[in-house]
Each structure stands twice: as structure tokens, then as C-alpha cells.
1. Hey, with R₀ at 51 Å, roughly what FRET efficiency would Tyr387 and Ser150 work out to, going by the Cβ-Cβ distance, to 0.05?
2. Relative to the longest principal Cα axis of the chain, at what angle does helix 312-322 sit, 0 to 90 degrees, rounded to 10?
3. Can you give the angle from 0 to 90° between the axis of helix 204-213 and the longest principal axis of the chain, with both taken from C-alpha atoms, to the nearest 10?
4. Return the single residue from Val142, Val201, Val273 with maximal mean-square fluctuation; model: Gaussian network over the chain, springs between Cα atoms under 10 Å.
5. Over the chain, what relative contact order in percent results from Cα pairs under 8 Å that are six or more residues apart?
6. Return the carbon/sulfur percentage of the accessible area of the chain, one whole number, probe 1.4 Å, all protein chains in place.
7. Could you size up the charge dipole of segment 85-157 around its Cα centre, putting +1 on the beta carbon of Lys and Arg and -1 on that of Asp and Glu, and report it in debye to the nearest 20?
8. What size of dipole, in debye to the nearest 20, comes out for the chain about its Cα centre when the only charges are +1 on Lys and Arg C-beta atoms and -1 on Asp and Glu C-beta atoms?
Amino acid sequence: MSAFIVLGAQWGDEGKGKMTDYLAEEADVVVRFQGGNNAGHTVEVGDKQYKLHLIPSGILHDEKLNVIGNGVVVDPKALFEEIDYLEGLGVKVTPEKLVISDRANVIMPYHKILDVLKEKARGKNDIGTTGKGIGPCYTDKVERSGIRISDLLHENEFKEKLEINIKMKNDYIKLLGGEPLDFHEIFTEYLEYAKRLKPFVKDTSVRIYNEIKNDKNVLFEGAQGMLLDIDYGTYPYVTSSNTTSGGVASGTGIGPNMITNAVGIVKAYTTRVGKGPFPTELLDETGEWIREKGHEYGVTTGRSRRCGWLDLVIVKTAARVSGLTSLVVTKIDTLAGLEKLKVCTGYKLNGEIIDYFPASLEDLAKCEPVYEEFDGWGEDVANARSYEELPENAKVYLNRIADITGTKICIVGVGPKRNQTIRITKEL
Ligand code: GDP
Ligand code: IMO
Ligand code: MG
């Protein structure tokens, strides 16, 4: 039995979807434990490309069980759109293949409206959220006024909770200059969703626990990444959940001692969508070159991703906070052709070199990246299928990542497709 985690070790979009799909081969169950449809996970199999947001990336395999855990926030409208989209591409999404926690909180129309209105009210200090209602939904969960999937399945309970929420949220919406919502419209709409949801809903903690006890292998698929973590990210420019290993136990209802490995997904350079600090950002033509070559545009919002050199202070932080047992380095094919490459190994702050991420954004703004320079590799690596086939300079780059982070590299990505993957160590 093994229960391993796949996590983003930067600011999201590291290639978690592709790696989850690839590693799902070694798992029986794939579980999402946090976030919602703010995530955008791209998986390419054969000639087809799939864009997943809420549904675990194990869904493309016929025989795997996929679980949306209690720590996820579920927008039923978005969920059914995604199910219909997948079915349209020939992927079956049945209650045998997908189960959803009865304890997951539900994204309601007022969450989406408030997400947008609050961003507007923040003015120049906006976070650059995806506008999917993630923050307001988690706010309600913590404030104890959230509506959970189990509430949708109990009409009276749902009615009572929705009535109070609509009353309070309408006051808030009006205060921020928005249009109030109609209770009956939402009540009717969500009762329809409840009917369609019902066959998928289970106590997923019990289900995952039993799978593990029955010697099955479970993969926990992270969304977002290290520095979008609500506690250890670049607060407040973060998402509203724990994207690090700690989120797995609370977001699925299993004990942390059941988790055997944690794999950090690291893009060979750094990207970020939305606002907030980014010490190694490249605002020049090299940044532009990486964005175009790596197709760095958001899957969920279509926004340009900001690009920069690989920052190992971030990856080291991920290794520490999430207890990473190995790294997957993705997109080394994108860097092919650059003459010189830089990697940030520490920050200079007030005359001292530090290798951890400061909590204060003011301190972070003072940090100057300390770089190590590498010779690039001219050769295209997209067809390499073993470590030996990689150019020497790419090997030097990879070995240095492992050295500095003190974490072995188990897999290297050389393209978006399932088979464009080099396995270095069997153990994760
Ligand atoms: P996620 O959010 O972490 O799942 O990542 P995204 O799907 O948002 O962004 C990663 C993008 O890179 C997707 O378009 C993937 O298809 C693609 N990708 C993943 N791994 C590789 C790789 O090794 N090389 C290349 N060229 N593309 C990759
Ligand atoms: P995946 O799983 C990259 C960013 C948003 C914004 C901040 C808060 O594809 O890696 P939110 O809507 O969550 O309140 O927005 O977090 N963000 C992501 N950036 N990849 C993601 O997911 C993201 N999900 C949220 O751009 O800066
Ligand atoms: Mg993404």
C-alpha cells in the first residue's frame, strides 16, 4: 500500500495535471483535497488535450476511482459543465468513477459575485483572483455559515441555511455596489443540482480509509502550489486553502501517518498568475521568450503567466514545509535553446544571504536574488526517453537542483504528452 501526494512546489501550473495522469498508472484512487475550479490542470493523451478544473486528473483512466475530498470547494454548475465536457470527449464520469464528499462546501452564486466585488473594492491592492468564488466560500466555511453538499441533500436544512445566507449576503452585496440575489431562483437551481449530485455523494473519509486498509494505492492531487498556500505563501497574494502536505489529512479525513511519500512538481523555470511578489521575474525579452515557447497562458482565466528564472528558495521551502521525498522537474524542453540560464539559490537581505522565504512582503521586496549561472543546452530534448539521452548541460542543471534542495529527482518532463516523461527513480 502507498498513499502519496503530488504537489505544486512553486506558484501553481507546474504540470501537476500531467504528472497526476502519469502517476495514476501506479494508483487505484486519485483524490483532490483542496481548492476548487480555480485550478486548471492540462493533460494530453494521444492527440487529445483535456482541461480539468475540479475533477481529479485520474479520470482519464477507466479503472481508477476519483475522489473530491471534504477540503475542496465545489461549484455544482462548474462541476456539471466539466462532466458534460469530459463526456463530450468520450470520458465516462459515473458514480462508480467519481465520488464527492458530503462534507465539501458548496460555492454559491453570492460567492462568485462577492469575489469580483471585493476585488474591485481592493482597488490597486487586488489579489488577481480567478473570480470563481473560492475565497468567499472558504470564508463562509471558517465562519461556520457555509452550505455543505450534505445540506443540499436535505431540503429543509438547505432552505433554512440559504435563507439566512441570502439575507446577509444581499446586505453585503448592496454595500459593495452589486445587485441583490433572489432566494427562490437559487433555491430551485440548487435543488436541481442536488438531484444530479446525489448518486456521487459519499462519506469519502471512510471510503479512502478502507481503500488504504485494503492495500490500494492512493494519489492525492494538489491544486495551486507552495507559495499560494494560505499560511506559507506570499500572503495575502495566495489562495484560500492549504496547498501544502498539511492540507491532505484535513482535506480528506485520513491520518497523516498513512501518507508515505510527497512528490513536488517543479517547473524548470518559475511562473506566476495574478498579483504579488516574484523575486526572479524576468520583465525582459528572455521572460517573453519563455512565455511564448512554454505557452504560458492560464488554463482557467487565459491570463498571461509572469515568467522568471528558477527560484530554489521556493523549492527548498516546499521541500521543508511539505516534507517532499522527491521532485519532478517539468518543461526542461522549454528551456532548450537559451545560451545561459540562471538559478536563484538564496536572497541577499540586509547584507546577509538567506535561503528561506520571509513572511513580510516588505522584507521580501528588499531581497535580491543570488544567482548561479549555467550553460544552456541547444538540443531539443522532446524525444529523449532516458536520463542518459539528455544533454550534459541539462544533467548539470538537474543535478544542481537536487543538490541545492537536498531532494532527489524521480522524474523529468520533456513535453506535455504522457509518454514525454523520463523516469529516473522508481521510488517517489
Ligand atoms: P498544473 O496546473 O500544475 O496542472 O499545470 P497546467 O496544466 O496549468 O500548466 C502546465 C502546462 O505545461 C500544461 O499545458 C501541460 O500540458 C504542459 N506540460 C506539463 N509538463 C510539461 C513538460 O514537461 N514539457 C512541456 N513542454 N509542457 C509540459
Ligand atoms: P493550478 O492548480 C496558478 C492564483 C490566482 C490568484 C490567487 C488567488 O492550475 O496550479 P483564487 O481564485 O484562488 O482566490 O486566486 O491564486 N491561482 C492560481 N495560479 N495556478 C492555479 O491553479 C491557481 N489557482 C489560483 O491567479 O493570484
Ligand atoms: Mg494550472
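The values are calculated or read from the model by the stated rules, or taken from the named source; none is laboratory data. This is a predicted model, so every value here is computed, not measured. Cβ sites come from the backbone with ideal geometry, for glycine too, and all protein chains shown count toward neighbours. Side chains are part of the model used for accessible areas, which takes the heavy atoms of the whole protein and leaves out ligands, DNA and RNA. Shrake-Rupley method; radii C 1.70, N 1.55, O 1.52, S 1.80 Å.
1. Working: r = 48 Å, r/R0 = 0.95.
For R0 = 51 Å, the calculated efficiency reads 0.60.
2. Helix 312-322 and the main axis of the chain meet at about 50 degrees.
3. 50 degrees
4. Among Val142, Val201, Val273, the largest GNM mean-square fluctuation belongs to Val142.
5. Values: 952 pairs, mean separation 83.9, N = 428.
Computed value for the chain: 20 percent relative contact order.
6. Values: 8690 of 17770 Å².
Ligands and nucleic acids excluded, carbon and sulfur give 49 percent.
7. Working: 12 positive and 11 negative charges, 78 e Å.
So the magnitude is around 380 debye.
8. Working: 54 positive and 63 negative charges, 126 e Å.
Taking the Cα centre of the chain as origin, the dipole is about 600 debye.
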